[in-house]
Amino acid sequence: MVNLSRFSVEGKVAVVTGGSRGIGRAIALGLAQAGADVVVTSRKLPDLENVAEEVKKLGKKAMPIAAHIGKMENIRTLVDAVMNEFGRIDILVNNAGCTPGIGTILTNEERLWDTIMNLNLKGLYFMSQAVARIMKEQGGGAIVNVASMDGYKPEPYVGIYSISKAAVIMATKSMALELAPYKIRVNAIAPGPVSTKMLDSHWFHLPEEQAKTEKAELAKQVPLGRIADPDEMVGAVIYLASEASSFTTGDTILIDGGCTIASPEIISEI
Ligand SMILES: NC(=O)c1ccc[n+]([C@@H]2O[C@H](COP(=O)([O-])OP(=O)(O)OC[C@H]3O[C@@H](n4cnc5c(N)ncnc54)[C@H](OP(=O)(O)O)[C@@H]3O)[C@@H](O)[C@H]2O)c1
């Protein structure tokens, strides 16, 4: 018989990077609803404080901590602060990510590469290292990375982002292999288009009406016919963070409304 209590993360301590808005905020609130105390972290404290208040209203402990995940010193300070407050970390969600510019292989500058790789890949890797060392001493834990469908299928003009997310999918497998002996599972989700500030930044340079049209056009390219709400990413994260997925590690779950099944041309014929 299926025991649905295996989806509970009651009594666990979760850290969610990029927890101040968008997908990270939804994940933080979802984990709190599933029973966890939640640390939310990003660069801007006021936004984090708002999310922490929302977590507390769900009856769980919350701690907002400002940190730049691309900076090693910030990672150390963040993890120390969590350990001082909670004494353990059971779940890490590496959600913080960025795509701060567009360009192609012919135009991209080194600075854009460094900014994206520094947060999306290096930050994720060394945040995982810092937390995995703690989880090893505790006897286990769960790490959930937020990749992207772009890690499977590159988008034009955001090539560096796509490369970083493909690397996140491989980092998930590599870390899963090396951490399995310590009962630390590492998995990922790969979202398709989700309605957040990051997605809207694609059209920030356009007038409002044109931006709306472009967004509607994007929705038409999704087999399910729409852009996702951040809440739709949460179920898979709870699954991967909880005992419900106790035999799953190194996996990446696509949550893309079917985008990677077929090309937009084929989808428009359906
Ligand atoms: N939205 C989509 O369509 C989509 C699709 C596929 C994958 N994803 C992935 O989902 C994750 C969340 O994206 P989102 O759409 O929710 O984006 P978002 O709304 O832009 O949120 C990004 C979060 O990351 C934080 N952040 C940015 N730079 C940071 C840094 N250097 N250090 C620490 N935190 C930082 C931001 O807060 P601060 O500004 O306060 O630092 C914010 O909390 C990302 O990894 C993204 O690549 C998104």
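The values are calculated or read from the model by the stated rules, or taken from the named source; none is laboratory data. This is a predicted model, so every value here is computed, not measured. Methodologically, a virtual Cβ is constructed for each residue, glycine included, from the backbone with ideal geometry; neighbour enumeration extends over all protein chains shown. Please note that ligands, DNA and RNA were not included when accessible areas were found on the heavy atoms of the full protein model with its side chains. Shrake-Rupley method; radii C 1.70, N 1.55, O 1.52, S 1.80 Å.
Roughly how many Å² of Phe126 are accessible to a 1.4 Å probe, to the nearest 10?
Counting only protein heavy atoms, the figure is 60 Å².
Taking R0 as 25 Å, what's the FRET efficiency between Met170 and Asp114 from their Cβ-Cβ distance, rounded to 0.05? Let's see the in-between values first.
Numbers: r = 20 Å, r/R0 = 0.78.
So the FRET efficiency works out to roughly 0.80.
Rounded to a whole number, what is D in µm²/s for segment 119-164 from Stokes-Einstein with the Kirkwood radius over alpha-carbon pairs (10 °C, 1.306 mPa s)?
Reported coefficient: 131 µm²/s.
Report, in degrees rounded to the nearest 10, the 0 to 90 angle that the Cα long axis of helix 22-33 makes with the longest principal axis of the chain.
For helix 22-33, the angle is close to 30 degrees.
Leaving out ligands, DNA and RNA but keeping every protein chain, what accessible area does Ile227 have, in Å² rounded to the nearest 10, with a 1.4 Å probe?
Roughly 30 Å² of Ile227 is accessible to a 1.4 Å probe.
About the Cα centre, and with charges only on the beta carbon of Lys, Arg (+1) and Asp, Glu (-1), how big is the dipole of the chain? Nearest 20 debye, please.
Working: 27 positive and 30 negative charges, 154 e Å.
The calculation lands at about 740 debye.
Please list, ordered by chain and number, the residues whose modelled amide H lies under 5 Å from the amide H of Val15; skip anything fewer than 5 residues away on the same chain.
Val39, Ile91, Leu92, Val93
Lys and Arg at +1, Asp and Glu at -1: add these up for the other residues within a Cβ distance under 12 Å of Ala211 and post the number. Display every interim value, and only then the final one.
On the way: positive: Lys212, Lys215; negative: Asp200, Glu208, Glu209, Glu214, Glu217.
So the environment of Ala211 carries a net charge of -3.
FRET efficiency for Leu206 and Thr107, Cβ-Cβ distance as r, R0 = 22 Å, nearest 0.05?
Working: r = 20 Å, r/R0 = 0.90.
My answer for the efficiency is 0.65.
Within segment 10-63, report the GluC sites (Glu not before Pro) that DSSP leaves as loop and that have at most 11 other Cβ atoms within 10 Å. Don't skip to the end; give the middle numbers.
Working: sites: Glu10, Glu49, Glu53, Glu54; in loops: Glu10.
Here the GluC sites (Glu not before Pro) that fit, given the DSSP loop and packing criteria, are Glu10.
Enter the angle in degrees (range 0 to 90, nearest 10) between the Cα long axis of helix 159-179 and the first principal axis of the Cα atoms of the chain, meaning the one along which they spread out most.
30 degrees
Could you report the accessible area of Thr248 in Å², rounded to 10, computed with a 1.4 Å probe on the protein chains as they sit in the structure?
The accessible area of Thr248 comes to roughly 30 Å².
For the pair Ser246/Glu10, report the inter-label distance in nm, with labels modelled 7 Å from Cα in the Cβ direction.
1.6 nm
Just to confirm, what accessible area per residue do you get for the chain at 1.4 Å probe, in whole Å²?
51 Å²
Please state the charge dipole magnitude for segment 91-194, taken about the Cα centre, from unit charges on C-beta atoms (+1 on K and R, -1 on D and E), reported in debye and rounded to the nearest 20. Could the numbers behind the result be given before it?
On the way: 9 positive and 7 negative charges, 82 e Å.
In total the dipole reaches around 400 debye.
Angle, helix 124-138 long axis vs. longest principal axis of the chain, Cα atoms, 0 to 90°, nearest 10?
With both axes taken from Cα atoms, the answer is about 20 degrees.
Could you put Tyr239, Tyr157, Tyr182 in order of accessible surface area, largest first, with the 1.4 Å probe and the full protein assembly present? Could you put the intermediate results ahead of the total?
Working: Tyr239 65, Tyr157 135, Tyr182 95 Å².
The most accessible residue leads, giving Tyr157, Tyr182, Tyr239.
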